[in-house]
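Colleague: Could you have a look at this structure, given as structure tokens, before my questions?
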Amino acid sequence: MATVDRWLLPDGIEEVLPPEAARVEAARRQVLDLFQRWGYEFVVTPHIEYLESLLTGAGQDLDLRTFKVTDPASGRLMGFRADITPQVARMDAHSLRRDGPNRLCYAGSVLHARPRALATSRSPIQLGAELYGNTGSAGDVEVISLLLDMLEMAQVPDIHMDLGHVGIYRGLAQAAGLSGEVEQLLFDALQRKAVDEVAALTEGLPTELAGMLRALAELCGSREVLEQAREVLAGAPANVQAALADLTAIADSLAARFPQLPLYFDLGELRGYHYHTGVVFAAFVPGVGESIAQGGRYDDIGADFGRARPATGFSTDLKTLVTLGRAQLEEPRTGVWAPADGAGLWQAVQQLRRQGVRVVQALPGQDAASANEAGCDQQLLVRDGNWQVVAL
């Protein structure tokens, strides 16, 4: 009979052991405290809910990454959350229904049927912030600044920021009258910088529009790209010009706030194209192939929940943040070792705990030799008839 290694976990599913778990939890608390100082309110979303709620709006891109089960109570399909953003959008549109700007943040485990990329976790701890109800670039600047503040707090080194704007491609594709199939094929080719494919897919279009679409594959680099784009897209429709002006305004604000931050522009980068409507951004560090934090504007996501609202936000994986950050996020593991019993011991132990002291009480059969394993550097002993804390 074959034996089963019951300790094995599925690929991409991890457990977090101490002291790593302590660092993750300390980081979660500190980041949420940072969000709170910016005015973002914490919310908790369900781990599982009806599939049609999870896969509306931004969630449509998540279909293949969502674990699906049948609810025995209703017979309806349910899904384990693969992204918290659509759930928070529902809260803003349906549950809270505030009129003005609404700032919400979250931190929780998500589950992916397929990982975002090879060697990435299928059970990340998603952490993020969303701003609803603001249509201007000021909201985008705020959430990007908050993202950078978070990375600075965690002391993640060598950050550079990638910026793009899906409105540029969307406006050109609309002006060209591309069919849904051709628009998707051209989108895929642009993501791969497949210049020959882009050229083939734009054959037969008006010369000026074809030239602008082909240029998107090569409009990537430092700040000079925006100057080149203004020249190349000079004849573009008004909505494309507005998108480029929006991206420029955001870049100007970020350069003023973070003068040492390298900014990289890619006008053919269409991350999250199917639900993003404006600027898209991602933070990268050398040696890590995937972005460590990403986001963008996704206006009108709440329409499926009964109220369309402008929205912008970002998310990251908390475990990645802890792995890459150099900050000392948790307090040193210290404590007081107490014996198993003694007259007045319980009262002494509880008094220390109420003062915020970590006290580990021995179980029967344990002695002070176990204190180091428990992370204690002091012990509780009777001196002159009183319980006193002394060094081990």
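The values are calculated or read from the model by the stated rules, or taken from the named source; none is laboratory data. None of the values given here were measured: they were computed from a predicted structure. Every residue, glycine as well, gets a Cβ built from its backbone with ideal geometry; the counts of neighbours run over all protein chains shown. Calculation scope for accessible area: heavy atoms of the full protein, side chains included, ligands and nucleic acids excluded. Shrake-Rupley method; radii C 1.70, N 1.55, O 1.52, S 1.80 Å.
Colleague: For the structure I just gave you, tell me whether Ala303 is touching a residue at least 40 places away in the same chain (Cβ under 8 Å) and under 18 Å from Gly128 (Cβ atoms).
Modeller: In short, no.
Colleague: Of the residues that sit in segment 124-148 and are open to solvent by 20 Å² or more (accessible area, probe 1.4 Å) and not charged (D, E, K, R), which one is modelled with the lowest pLDDT?
Modeller: Among those that are open to solvent by 20 Å² or more (accessible area, probe 1.4 Å) and not charged (D, E, K, R), it is Gly136.
Colleague: Still on this structure, please answer the following. Let me spell it out: the conditions are (1) over 25 Å from Tyr40 (Cα atoms); (2) outside any helix (DSSP H, G or I), and Asp162 meets all of them except one. Which number is the exception?
Modeller: The failed condition is (1).
Colleague: Under the condition of being in contact with a Leu (Cβ under 9 Å, 6 or more places away or on another chain), in a strand (DSSP E or B) and hydrophobic (A, V, I, L, M, F, W, C), which residue from segment 333-372 is surrounded by the fewest Cβ atoms within 10 Å (Cβ to Cβ)?
Modeller: Of everything passing the filter in segment 333-372, Val359 is surrounded by the fewest Cβ atoms within 10 Å (Cβ to Cβ).
Colleague: Just checking, which of Ala89, Ala22 is closer than 27 Å to Tyr273 by Cα and touching a residue at least 60 places away in the same chain (Cβ under 8 Å)?
Modeller: On the way: Ala22 fails: closer than 27 Å to Tyr273 by Cα.
Selected residue: Ala89, the only one of Ala89, Ala22 that is closer than 27 Å to Tyr273 by Cα and touching a residue at least 60 places away in the same chain (Cβ under 8 Å).
Colleague: Now a separate question. Do we have Leu178 as over 15 Å from the mean Cα position of the chain (by Cα), crowded, with 19+ Cβ neighbours inside 10 Å, free of Cβ contacts under 8 Å to residues at least 12 places away in the same chain and not in a helix (DSSP H, G or I) here?
Modeller: So Leu178 passes the test.
Colleague: Residues in segment 202-231 that are in a helix (DSSP H, G or I) and open to solvent by 80 Å² or more (accessible area, probe 1.4 Å): how many? Steps first, please.
Modeller: Restricting attention to segment 202-231, the residues satisfying the condition of being in a helix (DSSP H, G or I) are 207-215, 224-231.
Still in the running and open to solvent by 80 Å² or more (accessible area, probe 1.4 Å): 207-208, 214, 224, 227-228, 230-231.
Residues meeting the conditions: 8.
Colleague: Please verify whether segment 94-114 includes one or more residues that are under 19 Å from His274 (Cβ atoms) and touching a residue at least 60 places away in the same chain (Cβ under 8 Å).
Modeller: yes
Colleague: Among Gly268, Gly289, which is the only one that is in contact with a Cys (Cβ under 7 Å, 6 or more places away or on another chain), in contact (Cβ under 8 Å) with a residue 12 or more places away in the chain and farther than 21 Å from Ala138 by Cα?
Modeller: Answer to the selection: Gly268.
Colleague: Related question: For residues that are closer than 24 Å to Gly167 by Cα and touching a residue at least 60 places away in the same chain (Cβ under 8 Å), tally how many sit in segment 251-260.
Modeller: Selection size over segment 251-260: 3.
Colleague: Another question, then. Out of (1) under 14 Å from the mean Cα position of the chain (by Cα); (2) assigned to a helix (DSSP H, G or I); (3) modelled with pLDDT under 95, the odd one out for Ala89 is which?
Modeller: Here Ala89 meets the rest and fails (1).
Colleague: Among the numbered criteria (1) part of a strand (DSSP E or B); (2) farther than 23 Å from Ala282 by Cα; (3) open to solvent by 50 Å² or more (accessible area, probe 1.4 Å), which single criterion is violated by Arg103?
Modeller: Result: Arg103 passes all but (2).
Colleague: Starting from residues that are in a loop (DSSP other than H, G, I, E, B) and in contact (Cβ under 8 Å) with a residue 12 or more places away in the chain, keep the ones in segment 373-392 and report whichever is surrounded by the fewest Cβ atoms within 10 Å (Cβ to Cβ).
Modeller: Checked segment 373-392; the qualifying residue surrounded by the fewest Cβ atoms within 10 Å (Cβ to Cβ) is Leu392.
Colleague: Out of the residues in segment 106-121 that are within 13 Å of the chain's Cα centre (by Cα) and assigned to a loop (DSSP other than H, G, I, E, B), state the one that is surrounded by the fewest Cβ atoms within 10 Å (Cβ to Cβ).
Modeller: Of everything passing the filter in segment 106-121, Arg116 is surrounded by the fewest Cβ atoms within 10 Å (Cβ to Cβ).
Colleague: Can you name the residue in segment 306-326 that is touching a residue at least 12 places away in the same chain (Cβ under 8 Å) and in a helix (DSSP H, G or I) and is also surrounded by the fewest Cβ atoms within 10 Å (Cβ to Cβ) among such residues?
Modeller: Leu324
Colleague: Something else: If we keep just the residues of segment 130-155 that are outside any helix (DSSP H, G or I) and under 19 Å from Ala107 (Cα atoms), which is farthest from the chain's Cα centre (by Cα)?
Modeller: Of all residues in segment 130-155, those outside any helix (DSSP H, G or I) come to 130-136, 154-155.
Applying the additional criterion that residues be under 19 Å from Ala107 (Cα atoms) yields 130-132, 154.
Values: Glu130: 10, Leu131: 14, Tyr132: 17, Ala154: 14 Å.
Here the answer is Tyr132.
Colleague: I'd like to verify a number: residues in segment 310-368 that are closer than 30 Å to Asp99 by Cβ and either out of contact with any strand residue (DSSP E or B) (no Cβ under 7 Å at 6 or more places or on another chain) or not hydroxyl-bearing (Ser, Thr, Tyr) (or both), how many? Outline the logic, then answer.
Modeller: Going residue by residue through segment 310-368, those that are closer than 30 Å to Asp99 by Cβ are 310-316.
Narrowing further to those that are either out of contact with any strand residue (DSSP E or B) (no Cβ under 7 Å at 6 or more places or on another chain) or not hydroxyl-bearing (Ser, Thr, Tyr) (or both): 310-311, 313-314.
The total comes to 4.
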